[in-house]
Amino acid sequence: MSHLLIFAARQRRINRADQVWLDLWMAFKIYTKTGDDGRTGLYGGARVPKDDARVSAYGDVDELNAIIGMARSTDMMPRIDEVLAPVQRDLFAIGALLATPNREKHKEQLEKARISDKRIAQLEQAIDDAEDELDPLKAFILPGGTAKASALHVARTVCRRAERAIISLQHTGADVPQVIIVYLNRLSDLLFVLARVANKRAGAGEVTW
């Protein structure tokens, strides 16, 4: 739960009780041993097994965020990386939403953790802009090429896994905002075209299947 408290604090949306928890957490070592029994805390205080569907879902989103960070740091390309930085912020927001079973109760703390239709439209525009640089795709291509393109392809596959995990969570009856699934669906497409752009800009050819 600690990373969510930090998220709330940075948005200036943390209440006094949570501030106490945050102050205590910041004062001690990074390891708390509270998860040694195989359980972890959700935002709001509930504790669940670490293989809970909700934990798996936001864990995959966290992994996706880390891989996108790796892609950004590999063979830096400003126009690609400038698109990805806001995506990483969005993924933090998605993680916070997924880790909060009772969003209504904590809506003040989660006010900034929102994904809007405007962000979906921005992803779609980024896809269109990237495709303007590319030749039409006439065959399946093998993932690979430059280190940056390869990292973006890995990110694409993790994005799809995160999407599946969130749909599985939804099937348990959990209240999952539909916009999250739409966002990840668009994001995987964006990561695919950005991988192609990265290869093209580096002069690396595409290998078809």
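The values are calculated or read from the model by the stated rules, or taken from the named source; none is laboratory data. Quick caveat, the model's predicted, so the values are computed rather than measured. Note: ideal-geometry Cβ built from the backbone for every residue, glycine included; neighbour counts use all protein chains shown.
Here are a few things to note about the model shown:
Conditions (1) touching a residue at least 60 places away in the same chain (Cβ under 8 Å); (2) surrounded by fewer than 22 Cβ atoms within 10 Å (Cβ to Cβ); (3) polar (S, T, N, Q), marked per residue:
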| position | (1), (2), (3) |
| --- | --- |
| A126 | yes, no, no |
| E133 | yes, yes, no |
| A147 | yes, yes, no |
| A155 | yes, no, no |
| V158 | yes, yes, no |
| N185 | no, yes, yes |
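- Test: residue in region 196-208 that is in contact (Cβ under 8 Å) with a residue 12 or more places away in the chain, under 18 Å from the mean Cα position of the chain (by Cα) and in a helix (DSSP H, G or I): no
- You will find that of D75, D37, the residue that is at pLDDT 80 or above, more than 17 Å from R161 (Cβ to Cβ) and not in a helix (DSSP H, G or I) is D75 and no other.
- Test: I127 is more than 24 Å from M70 (Cα to Cα) and modelled with pLDDT of 95 or more: no
- Residues in region 160-179 that are in contact with a Ser or Thr (Cβ under 8 Å, 6 or more places away or on another chain) and among the charged types (D, E, K, R): R160, E163.
- Test: residue in region 176-186 that is at pLDDT 95 or above and within 18 Å of F140 (Cβ to Cβ): no
- Residues of region 157-186 satisfying the condition of being farther than 16 Å from D90 by Cβ, part of a helix (DSSP H, G or I) and not aliphatic (A, V, I, L, M): T157, R160, R161, R164, S168, Q170, H171
- Residue in region 171-183 that is in contact with an Asp or Glu (Cβ under 8 Å, 6 or more places away or on another chain), within 25 Å of D62 (Cβ to Cβ), buried (at least 19 other Cβ atoms within 10 Å of the Cβ) and not charged (D, E, K, R) present: yes
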